[in-house]
Amino acid sequence: MAIVYPLIAGTPDSSLIVLAANNEQLSTTSASAATLATYTLPGGTLGPNDSIRITTLWTFLNNANAKSAYINWGLTTNFILNETLVSAGLSFQTMQIIRANNSTSSQKAFSSFREGVFEKANAALETDTVDTTVDQDILIRALSDGADAVNLESYIIELIRGS
């Protein structure tokens, strides 16, 4: 069961606030993208210099069948993350940071978690114009070949306060 933490009124004591966390395995074998977890970021939570960090842990069968994991931000399809998981191992960990771009309606992020969160990428930054003054959904999704399971083992969504 997902744990959703209420936002603290007033000024928090920390610049890092856990918004949601789950250690219960969530799975799909669907050949269509299935939403395994949803977090609604309340409007006004992400300030103009704040960031949202999403960390996920996945397991899957080690074979050549196509399996994909996604994180959707706001209403934009697959903004930020889209990864195909195939025959490279049995588990996969991701971390993505959505950074407000000195605005509550402009964000930027690393282009993909295919390269690894702390590696270079041969692509420009992802950018989007999600209005964070209103509620926005963060969806953690996956799809399979219709037979093999894709398992979301754990996730954590954190708010990092900027200056």
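Before moving on, here are some points about what is shown:
- By the count of neighbouring beta-carbon atoms within 10 Å, fewest first, Glu24, Glu153 end up ordered Glu24, Glu153.
- Applying 1/(1 + (r/R0)^6) with R0 = 22 Å to the Cβ-Cβ distance of Leu57 and Val18 gives a FRET efficiency near 0.90.
- Local charge for Asn65 was computed over the other residues whose Cβ lies under 12 Å away, with Lys and Arg +1 and Asp and Glu -1, and equals -1.
- For the pair Ser154 and Val134 in one chain, pulling the backbone fully straight at 0.36 nm per residue adds 4.5 nm over the alpha carbon distance.
- Footprinting exposure proxy ranking of Thr40, Thr133, fewest other C-beta atoms within 10 angstrom first, gives Thr133, Thr40.
- Label-to-label distance for Ser106 and Gln25 is 4.5 nm, based on points extended 7 Å past Cα in the beta-carbon direction.
- Packing-based exposure ordering (other Cβ within 10 Å, fewest first) of Val130, Val18: Val18, Val130
We did not get these values from a lab; they are worked out from the coordinates using the rules stated. In this text, all values refer to a predicted model and were calculated from it rather than measured experimentally. Methodologically, a virtual Cβ is constructed for each residue, glycine included, from the backbone with ideal geometry; neighbour enumeration extends over all protein chains shown.
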